[in-house]
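The values are calculated or read from the model by the stated rules, or taken from the named source; none is laboratory data. Every value quoted in this text rests on a predicted model; they were computed, and no experiment measured them. Cβ sites come from the backbone with ideal geometry, for glycine too, and all protein chains shown count toward neighbours.
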Amino acid sequence: MNADRFGIGWRPRLAAGILSNLERLDIVEVIADDYFRADRQQRRALRTLAAQTRVTLHGVSLGMASAVPVETRRLDDMARLCDEVRPAFWSEHLAFVRGGGVEIGHLAAPPRCEATIGGALANLARAKQIVGIAPQVENVATLIDPPGSDRDEAAWISAIVRNSDSSLLLDLHNLHANALNFGFNASEFLTRIPTEKVATIHLAGGKWIGRNGAQRLLDDHLHDVPDPVYELLAEVAARAPQPLTVILERDGNFPSIEALLVQLDRAREAVARGRAHLIMNEIAA
Amino acid sequence: MSSSRLESFLARIYVDVAAREKFLADPRGEATRAGLAAHEIDDLANIDRDGLEMFAHSLEHKKAKHGNPKNQHS
């Protein structure tokens, strides 16, 4: 029997709703960076949460996909937190977040080239060595096709995931946004990546922004999951027989917890639909 | 390594308005002065200006709203 799990991203504004609905959640994703400098009370609260439910730690500031090595002190922070919380797994983004002493303050898509593939592989190997477990790695949304690239996103991600010990945390809204923003087919993308290494799925929503007539879909995590993302989720479930963890991310403009749980139910339905398709294909074969 | 130099260059034009304006006024010249490789200079000369500005504005918006980059999740 497949052990798919469904959960939600921990945010302080959602705390009460999450804690009162733990029986409807298989896992809670916590932003690791929020706890690197947390006081003893906050760390205790996190350990209490981890004792009540399955927790995963999600990093946002390591900058794994860079030609520049991640600083050891940042990996040490993650290692200490993982030791303390014992998460089901931990994850980071395939992004760069700083360069030349400048903090970008968000996740930026790096040039998709040999140098950043090599840099990411070296960073992931060091992360595994220091933390003790390889992180899952997440594809990022971008508003600009990164200059200095010599290959597309599917080829770049595949090279990293195939050649590392990391599984893929596939953010389907990031994929949906990049596909719309840069004119590629998200379903075709799924045929080109190693779906057997997809372990976790992120779901989120966004909004359209514009400038000089150009439009881009911004992954802002402030809106409901759009229908095409559920369709992509069903497609992944049909291609990936391994257990999947599905996390709903919401960073603001919070609806009721019930409205978020309804979105998780839709995710369950989409995965079930994909699994049914998988079984039908196996029977037909 | 040129790619780390390119990452530094991109970080600066993403977050620094003055550096971005200077770059957009003379992309090839600024990229050349930064010591980037020929193919990177060519790419930057043809940069998606609307995408660059939208990304930069989204960063400014996040910083204005959250202040601390640690509070910006994805």
Of the residues that sit in segment A:174-199 and are within 17 Å of the chain's Cα centre (by Cα) and within 14 Å of chain B (Cβ to nearest Cβ), which one is nearest to residue A:235 (Cα to Cα)?
A:175
Residue set A:171, A:165, A:150; condition under 20 Å from residue A:201 (Cα atoms), of a type in the set (Asp, Glu) and within 14 Å of another protein chain (Cβ to nearest Cβ); output residue A:171
Of the candidates A:236, A:229, A:225, the one satisfying the condition of being in contact with a helix residue (DSSP H, G or I) (Cβ under 7 Å, 6 or more places away or on another chain), part of a loop (DSSP other than H, G, I, E, B), within 26 Å of residue A:31 (Cβ to Cβ) and at pLDDT 95 or above is A:225
Note: among A:224, A:220, A:251, just one is within 14 Å of chain B (Cβ to nearest Cβ), without any contact (Cβ under 8 Å) to a residue 40 or more places away in the chain and surrounded by 18 or more Cβ atoms within 10 Å (Cβ to Cβ), namely A:220
Yes or no: residue A:120 farther than 25 Å from residue A:28 by Cα, among the small types (Gly, Ala, Ser) and in a loop (DSSP other than H, G, I, E, B)?
no
Has segment A:243-259 got at least one residue that is part of a helix (DSSP H, G or I) and of a type in the set (Gly, Ala, Ser)?
yes
Residues in segment B:47-60: is at least one closer than 17 Å to residue A:66 by Cβ and of a type in the set (A, V, I, L, M)?
no
Counting only residues in segment A:132-156 that are among the hydrophobic types (A, V, I, L, M, F, W, C) and crowded, with 21+ Cβ neighbours inside 10 Å, the one nearest to residue B:43 (Cα to Cα) is identified as A:144
Could you tell me whether any residue of segment A:21-29 is basic (Lys, Arg) and either surrounded by 14 or more Cβ atoms within 10 Å (Cβ to Cβ) or at pLDDT below 95 (or both)?
yes
Hey, could you check segment A:32-84 for residues that are among the β-branched types (Val, Ile, Thr) and in contact (Cβ under 8 Å) with a residue 24 or more places away in the chain and say which is surrounded by the most Cβ atoms within 10 Å (Cβ to Cβ)?
A:56
The lone condition residue B:27 fails out of (1) over 17 Å from residue A:144 (Cα atoms); (2) more than 9 Å from chain A (Cβ to nearest Cβ); (3) modelled with pLDDT of 95 or more is (1)
If you scan segment B:1-22, which residues turn out to be modelled with pLDDT under 95 and either assigned to a helix (DSSP H, G or I) or charged (D, E, K, R) (or both)?
B:2, B:3, B:4
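Residue A:271 - would you say it is modelled with pLDDT of 95 or more, touching a strand residue (DSSP E or B) at 6+ places or on another chain (Cβ under 9 Å) and not in a helix (DSSP H, G or I)?
no
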So which residues in segment A:165-180 are in contact with a helix residue (DSSP H, G or I) (Cβ under 8 Å, 6 or more places away or on another chain) and surrounded by 23 or more Cβ atoms within 10 Å (Cβ to Cβ), if there are any at all?
A:166, A:168, A:170, A:172, A:173, A:175, A:176, A:178
